[in-house]
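Here, each number is a calculation from the coordinates, and none is a lab measurement. Just so it is clear, the structure is predicted and the values come from calculations on it, not from any experiment. Every residue, glycine as well, gets a Cβ built from its backbone with ideal geometry; the counts of neighbours run over all protein chains shown.
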Amino acid sequence: MIVFWIAVGVLSAAVAGLILRRAARAMAGGGDADSTLPLYQRQLSEIEDLADRGLIAADERRSTHAEAARRLLSAANAAGPAWTAPAMARPVLLAMAVAAPVAALGLYLGLASPGYRDQPYAQRLDQWRAAPPTQLDAPRMAAVLRSVTGERPTDPEPYRFLAIAEMASGDAGAAARALREALRLAPDRADLWESLGEALMVAAEGEVTPQAAAAFQRALEQDPQAATARFHLARGQIEAGEVEAGLAQWRLLLSDLPTADPRRPVLQAAIADVSSGPRPAAPAVVGAPEIAAMVDGLAARLVAEPDDPEGWVRLVRSYSVLGDVARRDAALTQAKARYADNPQILSELAKAAAVEPMR
Amino acid sequence: MIVEIGAFAVILSLVLSVLQTGASTLARIRRSPVLAAVGEGAALSAFAALAVAFAALVYAFVVSDFSVANVTANSHTAKPLLYRVGGAWGSHEGSMLMWCLALTGFGALLAGYGRGLSAGLKAVAVATQGALGVAFLAYTVFASNPFWRLADPPVEGRSLNPLLQDPALILHPPFLYVGYVGLSVVFSLAIAALVEGRADAAWARWVRPWTLAAWSALTVGITLGAFWAYYELGWGGWWFWDPVENASFMPWLIATALLHSAVVTERRGALPGWTIFLALGGYTFSMLGAFLVRSGVLTSVHAFAVDPTRGVLLLTILGVTAGLGFALFAWRAPAMARGGMFAPISRESALVLNNILLAAATATVLLGTLYPLIREAMAGEAISVGPPYFNLTFTPLMFILLLLLPAGPLLAWKRADAGAALQRLWVAALLAALAAVATLALAEPRSLFGAAGLALGVWLIIGSLTEVAERIRLFRVPGREVLRRLGGLPRGAWGMTLAHAGLGVFVLGAVFETTWKAETAEVLALGQRLEVAGYVLTLEDVAPTLGPNYEAEQATLRATAPDGTLACMARPERRLYSAGGQTTSEVAICTRGLSHLYVVLGERRTGVDGGPVWLVTGYWNPWALLIFLGPGLMAFGGLISLSDRRLRLVAGRRAAPALAPAAKPEPVGELT
């Protein structure tokens, strides 16, 4: 704050000083002479010069000369007496020079945010890094991890964590980019390939795109048992119409999963769902457990810190994507009540709720 | 702290501008040199304060301070440093701050270097410049403040339009604003002339350097904009008659007319009213441009915030400023002295004709720009006035103007012999005719427009050089005398020749490019090829690359020249900017002599066999380089003229003592 006031003082003094110096010079009689006459005099001498070099004819010289001389005379007549005002009272001058900074300061205090410190990104990043990770929301966590990846450019782990944080912030594209970086460093890690496939899938609103499928295939090349990759590749088959082949893959996967695996109930529900309906219906929660866990984390954080419109929009969108209609509606109702007077957030919420679930 | 210092400095600049206006007005009323000095001091310090404010804004962008709303909306930490700096004037608020910086900067120049100006003219001009500053600074402080803060700064910024992340666009706005706002000084001088009832040769000599500076900067700014559109948009063109382009082109046309009419007023004391009218018009068109671009009535990359409130405010500033200026003109101009007489065939008449044609051209551009807007407002129906309209109206006017141009500088003042002037142009006429015949014989497909256009370009270039040849009496006096005369030519004369020849260069490029450009678009898989104007482009590879804040697909195409040799390896890109989700294409340009082979990579698709294919467009833009070199020459000519010491009154006064009979050899000839 002191720096600010010193700067304001220096700036004000410089401004007042500049004005007073000009005024003092004028009072000392350093006024400017009228340049009109010298200008015409120069025009006359230019004509003489041209004529001397034979560039204008003698009669033209005479008429041009006469015209310029006429203008010189009329300018001399038109020029009024030079400005001479009595010196002004010094206090009046001083008041004028000081009034400007004072008025500016008054306006500033009324209009701006006095005392609000600068917040350079690097400084905020340092604060976030110093804070315990549990206190950071996903975007801040992502920012911290991004700076860590810069410091450890050969380590795939920070990129993996960054991808999780980006995913939790709702930016699947950024998550996919981080995972690609991680894979550039560790191309033989099946889990990273699986996560990349999922990120690409979420970015495509749940569709197992050729790129996502390719990532899952790479995961299987590294680890033929990779459960998430098998699950989604089979789901892709079911969506493409090869229901029986897909179901067979799922059943095979179920038999491979240990009995204590938390993913078993999800998979069983999915199998039941698909085999009962004539068309593949969306399982209750088709996302991988990590995604579901992230969404739960977000929901928990919103209970603790509910004043986060972006968070609510993200939560509603996540439930929409996961196809969890009941929780989506519950979250939507809560958020709508909270932001009833903010039409922009309401429209974003509506958009988030309308996102197609991934199938 | 620094951001808040900026917030204070911009308000200080506003208050100082108020003081500048008040003190200077009072100085004129009471004929007080001390009050005038106070006004000048306020003008200088208003600029200093605003420079501090601008530096603070640039700082906020460089360190990515997202507690500043403007930085959040227009920057991103992943953006390279250069574009973070450029982001400071890439936004609506920042660009208005830059506008104000130019406005107060020109006010400070007027106050600090206007010593040769008579006291009354100077005081009124400084007061007017201050009032213009008050209008735009008040708008900046109260309606579009770049220092507004956010209580809860977000983690990341929302980036800048990736199309604008380009070196040309870092420089384009500053040049354009120096040009636009340079015309404000001319406006202020016009108001001063009206108030003082004095628009004589001395006044015109004062108007010229400001107009020249503004005109040169505008020329560079517009050319940079066109160049950017050419290589960044990837549409293969360089001028689209887009309302935003027109908004910058109209002040340029008016400034061009003003440059020429000010010569008449300066040399002969004639046309004072018309020169003042143009001086008022130049800045009015600048403000119109600012309004069109910022009010949201136009949709384009320039249409910053679509904010009707700001549009109404800018329209009010435009209406009040121009309205008061022209009202004063209507009241005072009829009483102005008429000045020197001249015959229908004379240098003066030629310059009047130049002005009539340029004014008519401006009117057609204005109509073509505003008519769709008015029509949409009245009838609610969107129509588009495109190149066909401008080709039918603007192009013929320019054709006549350029046809007559080389004769103008050869005509004498007051009364001239048209026949003699034309006689001197026989070489230019012969060469132009030869160019036309050669074009018709050689260029495929045959085009009468192309032949006529090329002839016009040659006519302009040779015609401009003829004037120099005349001055130095080439082939008519001994070589040493020619060299002596060449050395004695004033810079103003060189400037004029360069500008006129540059126009010819531009015409050559523009006509050749529009008439004989070729375009081929094809969907290519790896290894496939397309042909454009004899060049064969083979798609060898497409690979992903990572930029600082984008991901891209980069294609590698082997370009084979018609003679079978390797022309170049073209590497166009298609970029995805993650922060905003926009896709842009990065054109690859192979320069072949004066021509460009221009390659655009389209989006990836799935081909019939399931493999990836890409839409590749190849353009052959013959002589495209001249389109940008020509205006470059013109702007360079403007700068050369500006450095002519006869335009610097103070220096000139010292160099040429009153009535001393040519102690130093004065330059030959006159300024035009």
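Most exposed first by the Cβ proxy, i.e. fewest other Cβ within 10 Å, how do A:ASP324, A:ASP188 rank?
Values: A:ASP324 21, A:ASP188 11.
Fewest-to-most Cβ neighbours within 10 Å comes out as A:ASP188, A:ASP324.
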* Directionally averaged shadow of the range B:207-253, computed from the convex hull of its alpha-carbon atoms, nm² -> 3.2 nm²
* 0 to 90° range, to nearest 10: angle between helix A:309-322 axis and chain A longest Cα axis -> 40 degrees
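Which whole-number percent gives the relative contact order of chain B, counting Cα pairs below 8 Å spaced six or more residues apart?
Across chain B, relative contact order equals 11 percent.
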* Asked: Helix A:325-338 versus the longest principal axis of chain A: what angle, 0 to 90°, nearest 10, using Cα atoms?
  -> 30 degrees
* Vicinal HN-Hα couplings computed from phi for the range A:135-140 (Karplus, 6.51 cos²θ - 1.76 cosθ + 1.60; Hz; Gly/Pro x) -> 8, 9, 7, 4, x, 5
* Asked: Could you give the alpha-carbon Rg of the range B:105-213 over 2.2 N^0.38 Å, rounded to two decimals?
  -> 1.43
* Rounded to the nearest 10 degrees, what's the angle between the helix A:121-130 long axis and the longest principal axis of chain A, both from Cα atoms, 0 to 90? => 40 degrees
* To do: Please report the base-10 log of the normalised intensity I(q)/I(0) for the range A:289-353, using a Debye sum with one equal scatterer per alpha carbon and no solvent, at each q in 0.13, 0.18, 0.26 (1/Å).
  => -0.29, -0.56, -1.15
* Structure fact -> Across all Cα atoms of the range B:181-338, Rg and the largest Cα-Cα distance (Dmax), in Å, are 17.1, 54
* Asked: What are the GluC sites (Glu not before Pro) within the range B:343-421 that DSSP puts in a loop, where the Cβ has at most 16 other Cβ atoms within 10 Å?
  -> B:GLU381
* Amide H partners (placed H, <5 Å) of B:ARG592, local residues excluded -> B:LEU597
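In µm²/s, what is D for chain A at 10 °C and 1.306 mPa s, where D = kT/(6 pi eta Rh) by Stokes-Einstein and Rh is the Kirkwood radius from Cα pairs?
Value of D from the Cα-based Kirkwood radius: 57 µm²/s.
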* To do: State the answer as a single residue: which of B:TRP228, B:VAL52, A:ALA337 lies farthest towards the positive end of the charge dipole of the protein assembly as shown, with beta carbon charges of +1 for Lys and Arg and -1 for Asp and Glu, about the Cα centre.
  => B:VAL52
* Structure fact -> Amide H neighbours of B:CYS568 at under 5 Å, excluding residues fewer than 5 places away on the same chain, with H built from the backbone geometry, are B:ALA559
* Structure fact -> Computed over all unlike Cα pairs, the Kirkwood hydrodynamic radius of chain B in Å stands at 27.0 Å
* Fewest to most neighbouring Cβ within 10 Å: what's the order for B:CYS590, B:CYS100? -> B:CYS590, B:CYS100
* Structure fact -> Taking chain B and counting helices only, DSSP H stretches of n ≥ 4 at -39,500 (n - 2.57) each over all residues, the nearest-500 ellipticity at 222 nm comes to -21500 deg cm²/dmol
* Given the peptides A:255-262, B:488-495, arrange them by the average over their residues of other C-beta atoms within 10 Å, most packed first. => B:488-495, A:255-262
* Pull up the cross-link candidates among the lysines for A:LYS336, meaning alpha carbon to alpha carbon under 29 Å and not fewer than 8 places away within one chain. => A:LYS351
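Got a sec? How would B:VAL616, A:VAL10, B:VAL352 order by Cβ neighbour count within 10 Å, fewest to most?
The most exposed by this proxy come first: A:VAL10, B:VAL352, B:VAL616.
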* Kindly provide the chymotrypsin sites (Phe, Trp or Tyr not before Pro) of the range B:115-210 that DSSP labels as loop, not H, G, I, E or B, and whose Cβ sees at most 10 other Cβ atoms within 10 Å. => none
* Structure fact -> Note on the range B:534-621: contact order normalised by length, alpha-carbon pairs under 8 Å, 6 or more apart, percent, works out to 19 percent
* **the range B:1-165, relative contact order in percent, only Cα pairs under 8 angstrom and at least six apart counted** => 35 percent
* To do: Please turn the phi angles of the range A:244-254 into ³J(HN,Hα) values with the Karplus equation 6.51 cos²θ - 1.76 cosθ + 1.60 (θ = phi - 60°), one per residue in order, whole Hz, x for glycine and proline.
  => 5, 4, x, 4, 4, 4, 5, 5, 4, 4, 4
* For B:LYS122, list the aspartates and glutamates whose Cα falls under 19 Å from its own Cα; do not include residues on the same chain fewer than 8 positions away. => A:ASP32, A:ASP34, B:GLU40, B:GLU196, B:ASP200, B:GLU266
* To do: Rank A:ILE164, A:TYR121, A:GLN135 by how far each Cα sits towards the positive end of the charge dipole of the range A:119-220 (+1 on Lys, Arg Cβ; -1 on Asp, Glu Cβ) and give me just the farthest.
  => A:TYR121
* To do: Name the most mobile residue of A:TYR108, A:TYR159, A:TYR121, meaning the one with the largest mean-square fluctuation, in a Gaussian network model of chain A with Cα contacts below 10 Å.
  => A:TYR108
* Asked: In whole angstrom, and with the biggest value first, how far do the Cα coordinates of the range B:1-125 range along each principal axis?
  -> 57, 24, 18
* Asked: For the range B:148-157, in order, what is each residue's ³J(HN,Hα) by Karplus, 6.51 cos²θ - 1.76 cosθ + 1.60 with θ = phi - 60°, in whole Hz (x at glycine and Pro)?
  -> 4, 9, 10, 5, 10, x, x, 5, 10, x
* To do: Using only C-alpha positions, report the orientation-averaged shadow area of the convex hull of the protein assembly as shown, nm², one decimal.
  => 49.4 nm²
* Asked: Add -39500 (n - 2.57) for each DSSP H run of 4 or more in chain A, then divide by its residues: what number comes out at 222 nm, to the nearest 500 deg cm²/dmol?
  -> -23500 deg cm²/dmol
* State, in angstrom, two size descriptors of the range A:119-220 derived from its alpha carbons: Rg to one decimal place and Dmax to the nearest whole number. => 14.2, 46
* Asked: Under the Kirkwood approximation for Rh and a Cα-based Rg, what ratio Rg/Rh is obtained for the range B:534-621?
  -> 1.01
* To do: Report the charge-dipole magnitude of the protein assembly as shown in Debye, nearest 20, computed about the Cα centre from +1 at each Lys and Arg Cβ and -1 at each Asp and Glu Cβ.
  => 4840 debye
